[in-house]
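The values are calculated or read from the model by the stated rules, or taken from the named source; none is laboratory data. None of the values given here were measured: they were computed from a predicted structure. Don't worry about glycine lacking a Cβ; one is built from the backbone with ideal geometry, like all the others, and counts go over all protein chains shown.
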Ligand SMILES: Cc1cc2nc3c(=O)[nH]c(=O)nc-3n(C[C@H](O)[C@H](O)[C@H](O)COP(=O)(O)OP(=O)(O)OC[C@H]3O[C@@H](n4cnc5c(N)ncnc54)[C@H](O)[C@@H]3O)c2cc1C
């Protein structure tokens, strides 16, 4: 397996890096402090073809493999975690599920919207169903040629900003995963309301909100996957999102590390740069090792996925390792800035808040370890009870 980038990939990375460093870096604190969605960044990404990279050209996308999207995500995340998440969600997750399981009509309707910068939202979590997603209770009941949705969701990224919502709902009375399917609900559909914005710790340029469905009628054509194996299909597609999310964590941590490498060579104490001290050097070396290992795990999973979806186990290993490692590295970078790292005048405190989410959202690192152990022990999660 080769990890050497092609010439085309090198150019892609350069484009994303220039954009992130020259344009996105200066306003990253603004989106955080004002809790504003970075529409102007999305426009720039669309103009440069960095949204919808994995979507086939016939729907307006770039037709690129997953690894190319991850390369871009890392560069953007180095300066702005919020914007990098938008790149993830316009290339993976709902997009992956739609490309593989969607009808031609669904693809024609939604994929061009995504390519124009419309970030889809994925609505799984409910107040009483987080890690235990298969216990969700939002219902989508078939009535004639429609589905009628009732229930609520929480922590949905992009609530109120997104126009496309892929809602995980219970389609019949069968408990657990077998009763769950996925259905598209468009913003503005009567009976669909966006609730309060959660006051979050980081990544505050994108809202996390509640969603409410009260006798919300959607046509049966909106069903993406039905009951039976639908939940499994959705989760398989979600492995792409997991790699994307972990790459945001990697990028934030690499960005923090880059800041630290510059800072320790400029900051003088005891009459010399603090980079002269072995204690500091060893911290940097350990940080670098963690980032390199994370990147290798992520790139292995993405390269093996090609133009398709990553392997469940490879994605779980990569996200679990990177989630923990990125928090440690960002925290150490902040430490190397001393009091300035804790100051809101420097980006480190924002980066430390932003990166904290990646051991929680999209499957906690504990649940990912359960996935890994389950596979090792060849035991179904549902058999644990
Ligand atoms: C910033 C952010 C964005 C999000 N965006 C979305 C989104 O767009 N769409 C969406 O659907 N959801 C979203 N979520 C929700 C996220 O997926 C859930 O928070 C996550 O799945 C955990 O669920 P929970 O918060 O209910 O925690 P819980 O499931 O209650 O877990 C609490 C703790 O218990 C541990 N735990 C639970 N069960 C086990 C077990 N069996 N073994 C070991 N440990 C266990 C967990 O690891 C965790 O540490 C988002 C969350 C955040 C923070």
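In table form, for the structure just shown:
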| quantity | calculated |
| --- | --- |
| Residue in segment 213-230 that is closer than 19 Å to residue 362 by Cβ and assigned to a strand (DSSP E or B) present | yes |
| Enumerated helices (runs of 4 or more DSSP H) restricted to segment 1-87, each holding at least 2 residues that are within 19 Å of residue 240 (Cβ to Cβ) | 7-19, 66-77 |
| Failed criterion for residue 309 (all others in (1) crowded, with 20+ Cβ neighbours inside 10 Å; (2) part of a helix (DSSP H, G or I) hold) | (2) |
| Contacts under 7 angstrom Cβ, first residue in segment 118-129 being modelled with pLDDT of 95 or more, partner within 6 Å of the ligand (Cβ to nearest atom), 6 or more apart | 121/156; 121/157; 123/156; 125/155 |
| Check on residue 316, in contact with a helix residue (DSSP H, G or I) (Cβ under 9 Å, 6 or more places away or on another chain) and surrounded by 17 or more Cβ atoms within 10 Å (Cβ to Cβ) | yes |
| Given (1) buried (at least 19 other Cβ atoms within 10 Å of the Cβ); (2) more than 20 Å from residue 55 (Cβ to Cβ); (3) touching a helix residue (DSSP H, G or I) at 6+ places or on another chain (Cβ under 7 Å), number of the condition residue 136 does not satisfy | (3) |
| Any pair with Cβ under 6 angstrom, 6 or more apart, that starts in segment 140-158 at a residue that is touching a residue at least 12 places away in the same chain (Cβ under 8 Å) and ends at one that is within 7 Å of the ligand (Cβ to nearest atom) and in a strand (DSSP E or B) | 153/123; 155/208; 156/121; 156/123; 157/208; 158/121 |
| Positions within segment 312-347 being part of a loop (DSSP other than H, G, I, E, B) and within 18 Å of residue 248 (Cα to Cα), in sequence order | 347 |
| Wholly enclosed strands (runs of 3 or more DSSP E) of segment 149-207 bearing at least 1 residues within 14 Å of the ligand (Cβ to nearest atom), over 15 Å from residue 120 (Cα atoms) and under 20 Å from the mean Cα position of the chain (by Cα) | 192-197 |
| Close pairs (7 angstrom Cβ cut-off, 6 or more residues apart or separate chains): under 14 Å from residue 79 (Cα atoms) in segment 250-275, at pLDDT below 95 anywhere | none |
| Breaking point among (1) within 14 Å of the ligand (Cβ to nearest atom); (2) within 20 Å of the chain's Cα centre (by Cα); (3) surrounded by 22 or more Cβ atoms within 10 Å (Cβ to Cβ), for residue 250 | (1) |
| For residue 202: the one exception among (1) buried (at least 20 other Cβ atoms within 10 Å of the Cβ); (2) at pLDDT 95 or above | (1) |
| In segment 112-128, the residues that are near the ligand (Cβ under 9 Å from one of its atoms) and touching a strand residue (DSSP E or B) at 6+ places or on another chain (Cβ under 9 Å) | 121, 122, 123, 124, 125, 126, 127 |
| Meets criteria (within 19 Å of the chain's Cα centre (by Cα), outside the structural domain of residue 241 (by TED's automatic domain parsing) and surrounded by fewer than 21 Cβ atoms within 10 Å (Cβ to Cβ)) for residue 65 | yes |
| Failed item, numbered, when residue 300 is tested on (1) assigned to a helix (DSSP H, G or I); (2) touching a residue at least 24 places away in the same chain (Cβ under 8 Å); (3) in contact with a helix residue (DSSP H, G or I) (Cβ under 6 Å, 6 or more places away or on another chain) | (3) |
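A quick yes/no check of all residues on (1) within 16 Å of the ligand (Cβ to nearest atom); (2) farther than 16 Å from residue 243 by Cβ; (3) modelled with pLDDT of 95 or more:
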{"residue": "337", "(1), (2), (3)": "no, yes, yes"}
{"residue": "340", "(1), (2), (3)": "no, yes, yes"}
{"residue": "346", "(1), (2), (3)": "no, yes, yes"}
{"residue": "356", "(1), (2), (3)": "yes, yes, yes"}
{"residue": "364", "(1), (2), (3)": "yes, yes, yes"}
{"residue": "369", "(1), (2), (3)": "yes, yes, yes"}
{"residue": "379", "(1), (2), (3)": "yes, yes, no"}
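Conditions (1) surrounded by 24 or more Cβ atoms within 10 Å (Cβ to Cβ); (2) within 16 Å of the ligand (Cβ to nearest atom); (3) assigned by TED's automatic domain parsing to the domain that holds residue 311; (4) more than 25 Å from residue 327 (Cα to Cα), marked per residue:
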{"position": "75", "(1), (2), (3), (4)": "yes, no, no, no"}
{"position": "85", "(1), (2), (3), (4)": "yes, yes, no, no"}
{"position": "91", "(1), (2), (3), (4)": "yes, yes, no, no"}
{"position": "102", "(1), (2), (3), (4)": "no, no, no, yes"}
